[in-house]
Amino acid sequence: MGWWKIKDETGHIDWEHKSKTHPNVVNAIPGDDDKEVSYLGDEVADIFDETLGKMDKVYKKNWGRCMKKEELVALLNFCSADRR
């Protein structure tokens, strides 16, 4: 399992990031790196991928298609409104 600093909301890895304690590693190290910076990680990506599969099943059952990206973004905005 690893974590990486992201550049922006695209989720692209910030390849310029270097761990403070392991400068040859791109990965972010919880406890070493700034917790106010945005990160993604393998474990949360795996959880989200599984969740997307479940949501697609619901959309296919009801709408005959997978969830659209704009629906996913709207859902994230709706569900995370209190987390800002």
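Quick notes
- Asp82 vs. criteria of a type in the set (Asp, Glu), exposed (fewer than 10 other Cβ atoms within 10 Å of the Cβ) and part of a helix (DSSP H, G or I): yes
Here is a yes/no grid of residues against (1) among the charged types (D, E, K, R); (2) out of contact with any helix residue (DSSP H, G or I) (no Cβ under 9 Å at 6 or more places or on another chain); (3) on the phi < 0 side of the Ramachandran plot; (4) free of Cβ contacts under 8 Å to residues at least 60 places away in the same chain:
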site: Thr51; (1), (2), (3), (4): no, yes, yes, yes
site: Lys57; (1), (2), (3), (4): yes, yes, yes, yes
site: Lys61; (1), (2), (3), (4): yes, yes, yes, yes
site: Cys66; (1), (2), (3), (4): no, no, yes, yes
site: Phe78; (1), (2), (3), (4): no, yes, yes, yes
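- The listed residue being surrounded by 10 or more Cβ atoms within 10 Å (Cβ to Cβ), among the β-branched types (Val, Ile, Thr) and either more than 17 Å from the chain's Cα centre (by Cα) or outside any helix (DSSP H, G or I) (or both), out of Val73, Val44, Val37: Val37
- Checking Ile29, Ile13, Ile47, Ile6 one by one, the residue that is at pLDDT 95 or above and among the aliphatic types (A, V, I, L, M) is Ile47 and no other.
- For the range 49-66, a residue qualifies if it is surrounded by 12 or more Cβ atoms within 10 Å (Cβ to Cβ) and closer than 25 Å to Lys7 by Cβ, and exactly one does: Leu52.
- Residues of the range 1-18 classified as closer than 19 Å to Ala45 by Cβ and surrounded by 10 or more Cβ atoms within 10 Å (Cβ to Cβ), total: 12
- If you go through the range 22-45 and pick out every residue that is touching a Ser or Thr at 6+ places or on another chain (Cβ under 8 Å) and under 9 Å from Trp3 (Cβ atoms), you end up with 4.
The values are calculated or read from the model by the stated rules, or taken from the named source; none is laboratory data. As the structure is a prediction and not an experimental result, all values here were calculated from the model. Don't worry about glycine lacking a Cβ; one is built from the backbone with ideal geometry, like all the others, and counts go over all protein chains shown.
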